[in-house]
Amino acid sequence: MNDKRKALGRGLDSLLPGRTTPTVAVMPAGPAAGGLQETAIDLIDANPYQTRRHINEEALKELTESIRASGVVQPVVLRPTQNGRFQIVAGERRWLASKRAGKVSIPAVVRQISNEQAMEITIIENLQREDLNPMEQARAFERLSREFGLTQEQIATRTGKDRASISNFIRLLKLPGQIQEALENGAISFGHGKVLVGLAGFPQQLEKAASEVISKQLSVRQTEELIARLINPEEAAQKDQKPVRTADPNVREAQSSLERALGVKVEIKDNKGKGKIILKYGSLEDFDRIVEALAAK
């Protein structure tokens, strides 16, 4: 795990208030040391803020067998709701596997946690496990913004991602359903999706491009070239007629770095240390985001 992952957001511990709730719904075995309690599984409800839609069935079966044989090693985190019931905040897979394993209770830490904290913890837990596909992340970030009024800067700070990444994830929601599905099932990558958003205003071209990307298994770079041809066919034709000059490796690296940072197509034309940088945007939102990013620098 790299340093960025270790420092992800503020960490789960900092999001969990130290105050525990009175011990309720405790099974006859009694609460364990360290603030843990055995909580009846049938009193626990799913987390409505869960961002993960797909659970690896094989991995869940393995976890079920492990819990059946050895019990739950790491307690789940719950928050109290109404009528003596609880809601999962962290550890949904352990809870599901425990139910499958026939357990009647599960070790838990019960904390008073707000709706915002519950969703934030759920997102961070899944991000730390790298368990969300691009569309699940996109919907999670959009929901933090829509339901809790968090800015992209605040979301970036709390999840350990940079603001440009948050913006790029949310922009994936502009893609039509079939392309979002391809992102969910891994047919195309986040990098592909980020590039395809450039055609969001051209549905027919977008559908054609996505189909070609999947059928020909194009790389992200090849996808960028395909979209550039679709957006500017005349310019692409002129380029095809001109002799191709090998770009300096340093220029290519700078171009790729700018594209990753700004989320748009970048072209650097260099001639012995002189030239120009061309930023290509597909919408006014792209334009505003580029201006904001450059101003911030």
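The values are calculated or read from the model by the stated rules, or taken from the named source; none is laboratory data. Note that the structure is a prediction, hence the values are computed from the model and not measured. FYI the Cβ positions are ideal-geometry reconstructions off the backbone, even for glycines, and counts take in every protein chain you see.
Checking T81, T122, T151 one by one, the residue that is at pLDDT 85 or above and under 27 Å from K174 (Cβ atoms) is T151 and no other.
A Cβ distance below 8 Å, combined with a sequence gap of six or more or placement on separate chains, defines the contacts here; from the stretch 50-75, residues that are more than 25 Å from Q37 (Cβ to Cβ) reach residues that are assigned to a helix (DSSP H, G or I) and modelled with pLDDT under 75 in the pairs T51/I123; T51/N126; R52/N126.
Residue-wise test of (1) crowded, with 17+ Cβ neighbours inside 10 Å; (2) out of contact with any helix residue (DSSP H, G or I) (no Cβ under 9 Å at 6 or more places or on another chain); (3) at pLDDT 90 or above.
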residue	(1), (2), (3)
Q137	yes, no, no
R143	no, no, no
G160	yes, no, no
P176	no, no, yes
A182	yes, no, yes
Q204	no, yes, no
A237	no, no, no
Q241	no, yes, no
N250	no, yes, no
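Of all the numbered requirements in (1) surrounded by 22 or more Cβ atoms within 10 Å (Cβ to Cβ); (2) farther than 14 Å from N47 by Cα, W95 misses one, and that requirement is (2). Yes or no: V104 among the hydrophobic types (A, V, I, L, M, F, W, C), modelled with pLDDT of 85 or more and surrounded by 16 or more Cβ atoms within 10 Å (Cβ to Cβ)? The answer is no for V104. When E65 is tested against (1) acidic (D, E); (2) out of contact with any strand residue (DSSP E or B) (no Cβ under 6 Å at 6 or more places or on another chain); (3) closer than 29 Å to R171 by Cβ, exactly one condition is not met: (3). Whether a residue is part of a helix (DSSP H, G or I), in contact with a helix residue (DSSP H, G or I) (Cβ under 7 Å, 6 or more places away or on another chain) and not acidic (D, E) was assessed, and I188 does not pass this test.
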